[in-house]
Amino acid sequence: MELTINGSTFQVDVEPDTPLLWVVRDTLGMTGTKYGCGVAQCGACTVLIDGQATRSCVTTVDSVVGTAITTIEAIEQDTEGRKVVEAWVANQVPQCGYCQSGQVMAATALLKQTPQPSEDDIAGAMVNLCRCGTYNAISAAVRQAAQA
Amino acid sequence: MNDMTPVRNHRSTGSDDGPLNISRRGFLGGAAALILSVTVPVGRARAQAAATVAPGTRVNAFLEIRSDSTVLFRSAFIEGGQGIFTAMAQIVGEELDVDPVNFTVEGAPPGPDYLLTGGGRFTGGSMSVRMSYETMRKLGASARQMLLQAAAARLGLSISELSTEPGRVVHAASGRAIPYGELADAAAALSVPTDVVLRGRADFRWIGKPVARLDARDKSTGRAHYAIDLKVDGMLHAAVQHSPRLGGEPGALTNEAEVQAMPGMHSIHRLPGAVAVLADSWWRARRAVEALQVTWTEPAAATPRAMPADFSSETHKAMLKSTPGDGVAYEQEGDAAGTLAGAARIVEATYDAPYLVHGQLEPPSAIARWNADGTLELWIPNQAPEMFQAEAAMVAGIEPGKVIIHSPMLGGFFGRHFLYQTANPFPQAILLAKAAGRPVKLIWSREEEFLRDTLRPMGVARFRAGLDGDGLPVALDAVAVGEGPTGRWFGRQPDKVDSSAVEGIAGKLYAIANRRVGQIHVDDPAIIGFWRSVGHSMNDFFYETFFDEMADAGQQDPYELRLRLLADSPRHSNLLQAVADLAGGWKRGPYAAEDGSRRARGVAMASPFGSEVATIAEVSLRDGEVVVHQVWVAIDPGSIVNPAIIEAQVNSAVALGLSSALLEEVVYVDGMPQARNFDGYPILPPDHMPRVHVRIVESGEPMGGIGEPGLPGVPPAVVNAASVLTGQRIRSLPLSKLDLKGMEG
């Protein structure tokens, strides 16, 4: 199968129903996307599929052939992604940091679709879990990124 | 842990490998020049290590100054989100005179230099900064002194003519300056001074300031590496399926041949209490191991810690609640029994709190590699490298000195990374790597983690208070029933109370003249562990919520009663007033908020881990559920290193405390946990996060902890507020079990 990830093309030889998460992490060695639960509960595995925030742990690899996949590794090459990262650093969002790749991807997808999100938009899009409870810092960073 | 005695007693036996771990150095690569450490030959370092090392004094074990004057610092403490790497850079950088931003910090290997927590080494108990603060300042100051000496020799001047600016030695008279990087080699050959002068507090540039975290950018861009992200050449991927009940062993594998034929398969293995599959990717290994049809045997008689097949958390709770007696006394003052007998009014209540999992988002993993030289190399999440090293050596059957431990950044701390034998994947990885003759990386799926994580113990507490004619408490008798994790893991003396079972019920500062706190030990059939704030995580809920029951029974306002009973304790009464001030003044409610909701506030205090905390929560009821709008926390840790990280840690502790109060409960039926992932065990989602307001009070008292203290006050403050709205006392967590429909008012 041929995948387009971060603008590059990769040939992968895996079972078609392999979750995209494990292709990205193990087959292709890009470990910024995290495994947290495997059942689309936590969102640590969030990537962008054609700009949409998508939980890669339950997304089979055959379903994303022909799409543009973006992972955290390329986030700073993206206009909105760069703003989000800067806002994340400025707001000192991460603690343990394990969920933050997914949070940054979710925020980037939000700003791509809704450049000036309302509080409800933010609450609706930023649903990934953070066991360190960085939620207030996350909301503040999303608001700041939207204004950047 | 509040009681640090066990850690002190648990001095590692297996760490004579010296601070210079050669195989580790290969990783550092890069920077050619240096270095305050490489010039010490390994042989000499080992000889020194074998002699008595005063931990935290040998500059070379901690610091490398690179040619570009940046610093690599090896931290005795492991980073898991609490910000300790940044704090270390602030503390050492302040005295070394290097801006913390120019530090790279990593977890130190095992070694005698790093035994900074009372003669042992342990990242936990909110101990890191307070136990190492002076030592690390002296270390930084010593290194600065060595750099000054080297510069003096090079310039032919006396040290008194020189000073430093961040990252360089300067000679003010001539305007000359030498970057630290150019002095590091010469400085490394000097002996470490013993009498350095530390900077005055008024001169601090970085200590006490909101210095940015060193890891924020890497963690915002996916570049931070956790154990689960690492790989070594030639490794196989491993997945396991555990016995549903601890103690069971794998019997027949009915479809072994079929599974062996699955794609990418390497091999199938039987392990103690588990089966494992090795494959060329983790997903394939996981699929295969989960496809294995395993017959699990019942545990042999006398199998230690075997999970009974009929164990249920509900039955265990009922048993704890009905266990009679006063237990072993832990704290006694005056005559509680006599005063209760003559009291004008008696208030009684029994409280309980459930089992909890840690729920750190990084699932457990381990990489094991047997090296050609007979050493075993492990990359493992852990909070005590020497303890893990000793255990790994026992599992592997080799000397501890032959076990090389790498301690990566942790994807969540919360007490999960202690040496819990049945809850860590590294023993399995060691056995699998040995069997396969290749390095192995093992990941536990979230479902296996829910099965084998250690639990915050279930707890029950019974209270009886006596009030006088004015409604003021004059006697309090409390009995905690259950088992504490400190006793479980460090040994329990039958005639003594494990402090982790009573902390938060004992140690309260209210002036109630006659008190008795006792504990009845009941073995917990589950594998219990440390969970952020340990006994305080439930005991302060028990006590501080019962406190409001006493206040209500005596027709006292709960805030005013606390203030009154703390009148002789200015540190605590000030803190209580500080949190009320932060919240715009104390008001209990109910009152109508601007959005029309009916709200109330609850207050609680706690004295965990050397710090003092006062908490107020504002709640309403919506659709039969408790909604927490705001939490105000005043925290007095004595003195501080980084106010921004403290505020973040308090936010984090509020989130976890609230999660436990609202949502979390591990339920066992037939000896098995009913939830195996977050779909069955909800943790606090973003839309439940309240606004958090933090005030830091520096009383100047001895430095206390930061990582845990913000947690214990949250559940009681929330429940006290909720009880105002429901008109009923709530004595059991989590609140999601309650149906509060119709009580919105």
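Taken together, the values in this text are just the output of simple stated rules run on the coordinates, not laboratory data. Being a predicted model, the structure only gives us computed values, none of them experimental. We place every Cβ from the backbone using ideal geometry, glycine too, and count neighbours over all the protein chains shown.
Please give the average number of partner chain Cβ atoms lying within 10 Å of the Cβ of each residue in B:646-658, rounded to a whole number. Could you put the intermediate results ahead of the total?
Numbers: counts 0, 2, 9, 3, 1, 7, 9, 2, 2, 7, 3, 1, 1.
The shielding value for this peptide is 4.
Sort B:331-341, B:399-409, B:535-545 by the packing proxy (mean of other Cβ within 10 Å over each peptide's residues), most packed first.
Working: B:331-341: 15.8, B:399-409: 21.5, B:535-545: 29.6.
Peptide ranking by packing, descending: B:535-545, B:399-409, B:331-341.
So which chymotrypsin sites (Phe, Trp or Tyr not before Pro) in region B:369-422 pass both tests, a DSSP loop state and at most 12 other Cβ atoms within 10 Å of the Cβ?
On the way: sites: B:TRP370, B:TRP379, B:PHE388, B:PHE413, B:PHE414, B:PHE418, B:TYR420; in loops: B:PHE413, B:PHE414, B:PHE418, B:TYR420.
For chymotrypsin sites (Phe, Trp or Tyr not before Pro) across region B:369-422 that sit outside H, G, I, E and B with at most 12 neighbouring Cβ atoms in 10 Å, the list is empty.
Please compare each pair in B:LYS402/B:LYS434; A:LYS83/A:LYS112; B:LYS317/B:LYS508 to a cut-off of 22 Å on the Cα-Cα distance and tell me which ones are over it. Each step should come with its number before you reach the end.
On the way: B:LYS402/B:LYS434 15 Å; A:LYS83/A:LYS112 11 Å; B:LYS317/B:LYS508 25 Å.
Over 22 Å Cα-Cα: B:LYS317/B:LYS508.
How large is ³J(HN,Hα) for each residue in region B:178-184, as worked out from phi by the Karplus curve 6.51 cos²θ - 1.76 cosθ + 1.60 (θ = phi - 60°), to whole Hz, x for Gly and Pro?
Computed from phi, the couplings for region B:178-184 are 10, x, 3, x, 7, 9, 4 Hz.
Can you say what percent of the DSSP beta bridges in the protein assembly as shown, counting only those with both residues inside, are antiparallel? Round to 5.
On the way: 92 of 124 bridges.
Given both bridge residues lie in the protein assembly as shown, the antiparallel proportion sits at roughly 75 percent.
Inside 10 Å of the C-beta atoms of B:203-213, what's the mean count of C-beta atoms belonging to other chains? It would help to have the intermediate numbers written out before the result.
Values: counts 0, 0, 0, 0, 0, 0, 0, 1, 0, 3, 6.
Per residue, the number of nearby Cβ atoms from other chains is 1 on average.
Would you mind getting me the FRET efficiency between B:ALA257 and B:ALA172? Use the beta-carbon distance for r and R0 = 60 Å, nearest 0.05. Please list the in-between numbers first.
Details: r = 81 Å, r/R0 = 1.34.
In this case the efficiency is close to 0.15.
Whole Å is fine, so just give me how far the alpha carbon centre of region B:116-191 lies from that of region B:648-702.
Cα centroid of region B:116-191 versus Cα centroid of region B:648-702: 41 Å apart.
Hey, which aspartates and glutamates would be in cross-link range of A:LYS34, C-alpha to C-alpha under 15 Å, not counting anything within fewer than 8 residues on its own chain?
By straight Cα distance, A:LYS34 reaches A:ASP26, A:GLU73, B:ASP218, B:ASP229, B:GLU362.
Setting aside same-chain residues fewer than 8 positions from B:LYS138, which aspartates and glutamates have a Cα under 13 Å from its Cα?
B:GLU94, B:GLU95, B:ASP97, B:ASP195
Mind sorting B:GLU560, B:GLU447 by how few other Cβ atoms lie within 10 Å of their own Cβ, fewest first?
Taking fewest neighbouring Cβ atoms as first place, the list is B:GLU560, B:GLU447.
If only Cα atoms are counted, what is the Rg of region A:75-147, and what is its Dmax, in Å?
Every Cα atom of region A:75-147 included, Rg and Dmax give 10.7, 29 Å.
Considering only DSSP beta bridges where both residues belong to chain B, give the percentage that are antiparallel (nearest 5).
Working: 81 of 111 bridges.
Here the share of antiparallel DSSP bridges comes out near 75 percent.
I'd like the antiparallel share, as a percent to the nearest 5, of DSSP beta bridges with both residues in region B:279-429.
Values: 4 of 8 bridges.
Here the share of antiparallel DSSP bridges comes out near 50 percent.
Enumerate by residue number the chymotrypsin sites (Phe, Trp or Tyr not before Pro) in region B:179-273 meeting two conditions: DSSP loop (anything except H, G, I, E, B), and at most 16 other Cβ atoms within 10 Å of the site's Cβ.
In loop regions of region B:179-273 (DSSP not H, G, I, E or B), the sparsely surrounded chymotrypsin sites (Phe, Trp or Tyr not before Pro) are B:PHE204.
Amide H neighbours of B:TRP296 under 5 Å, at least 5 residues apart or on other chains, H built in the peptide plane: list them.
Residues meeting the amide H criterion: B:GLY251.
What are the GluC sites (Glu not before Pro) within region B:591-658 that DSSP puts in a loop, where the Cβ has at most 14 other Cβ atoms within 10 Å? Before the final figure, lay out the partial values.
Working: sites: B:GLU594, B:GLU612, B:GLU618, B:GLU625, B:GLU647; in loops: B:GLU594.
For GluC sites (Glu not before Pro) across region B:591-658 that sit outside H, G, I, E and B with at most 14 neighbouring Cβ atoms in 10 Å, the list reads B:GLU594.
Once R0 is set to 45 Å, what does the formula 1/(1 + (r/R0)^6) return for the Cβ-Cβ distance between B:THR52 and B:GLU698, expressed as a FRET efficiency to the nearest 0.05?
Numbers: r = 36 Å, r/R0 = 0.80.
Calculated value: 0.80.
Any chance you could tell me what percent of the C-alpha pair distances in the protein assembly as shown go past 57 Å? Don't jump to the answer; show the numbers that get you there.
On the way: 35753 of 398278 pairs.
The answer is 9 percent, as a whole percent.
Over the whole of A:84-95, what's the average partner chain Cβ count within 10 Å per residue? Rounded to a whole number, please.
The mean count of partner-chain Cβ atoms within 10 Å per residue comes to 6.
Once phi is turned into θ = phi - 60°, what whole-Hz ³J(HN,Hα) does the Karplus curve with 6.51, -1.76 and 1.60 give for every residue of region B:637-646, x standing for Gly and Pro?
x, x, 8, 10, 10, 9, x, 5, 5, 4
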